[in-house]
Amino acid sequence: MRRQKGFSLIELLIVVAIILIIAAIAIPNLLKSRIAANEASAVGSLRTLNTAEITYNTTYPTVGFACTLGAMAPPTGTNPSTSAAAGLIDSSLAGGHKSGYDFVLECLGSGAPAVNYQITAAPSSAGVTGQRYFCTDGSAVIKYDATSAANCLTSGSPI
């Protein structure tokens with residue numbers, strides 16, 4: 001009689017069960033790590049935007065602060081930097097979306113030069129790409145709120 005080589009069905013099922021248990025433990029930790037990385041990237045992007053706003057305001061004093069992300073975007077083609085495309089931030093951030101967060105920049109007040117601004121960073125998919133909302137303004141203090149960007153602006157906690 002010949003002995004068969006290989007694994008029995010029971011042995012294969014045990015191995016598959018062990019792999020599924022390990023995956024059930026690892027996947028939630030992976031998702032939490034991704035959310036933490038996205039939130040850290042959003043805070044870093046807000047710091048970059050604060051610095052870019054101060055540079056923009058210093059470079060173009062008759063305009064004041066930039067009122068759109070596109071105004072701080074890289075110039076197109078061989079065009080030099082202007083107040084319409086100052087080249088202070090990268091194109092992905094200028095597009096308003098980076099690392100699972102959506103960024104919105106608004107000028108406060110009316111007239112020129114713009115004397116203040118506010119920037120909000122909201123998760124593209126709350127609970128999946130991030131759990132906290134972030135915001136900043138002309139004071140350059142970055143704040144967060146767990147419920148909404150509007151709450152962040154009015155009663156957010158500083159980071």
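The values are calculated or read from the model by the stated rules, or taken from the named source; none is laboratory data. Values in this document were obtained by computation on a predicted structure and should not be read as measured data. Note that each Cβ is placed from the backbone with ideal geometry, even for glycine, and that neighbours are counted across all protein chains shown.
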*Residues located in segment 114-130, provided they are surrounded by 14 or more Cβ atoms within 10 Å (Cβ to Cβ), among the hydrophobic types (A, V, I, L, M, F, W, C) and over 14 Å from Ala149 (Cβ atoms)*: Ala114, Val115
*Quick one: in segment 131-146, which of the residues that are under 16 Å from the mean Cα position of the chain (by Cα) and among the hydroxyl-bearing types (Ser, Thr, Tyr) is surrounded by the fewest Cβ atoms within 10 Å (Cβ to Cβ)?*
Tyr144
*Can you tell me which of Thr78, Thr136, Thr51 is at pLDDT below 95 and either β-branched (Val, Ile, Thr) or touching a Leu at 6+ places or on another chain (Cβ under 9 Å) (or both)?*
Thr78
*If you take the residues in segment 83-113 that are charged (D, E, K, R) and under 20 Å from Thr129 (Cα atoms), which one is surrounded by the fewest Cβ atoms within 10 Å (Cβ to Cβ)?*
Asp102
*Which residues, counting only those in segment 46-75, are touching a residue at least 60 places away in the same chain (Cβ under 8 Å), crowded, with 18+ Cβ neighbours inside 10 Å and either more than 12 Å from Leu88 (Cα to Cα) or in contact with a Phe, Trp or Tyr (Cβ under 6 Å, 6 or more places away or on another chain) (or both)?*
Leu46, Glu53, Phe65
*Regarding Val15, is this residue surrounded by 15 or more Cβ atoms within 10 Å (Cβ to Cβ), at pLDDT 90 or above, out of contact with any helix residue (DSSP H, G or I) (no Cβ under 6 Å at 6 or more places or on another chain) and not in a loop (DSSP other than H, G, I, E, B)?*
no
*asked:* Could you go through segment 34-57 and let me know if any residue there is over 25 Å from Ser99 (Cα atoms), in contact with a Cys (Cβ under 9 Å, 6 or more places away or on another chain) and of a type outside the set (Val, Ile, Thr).
replied: no
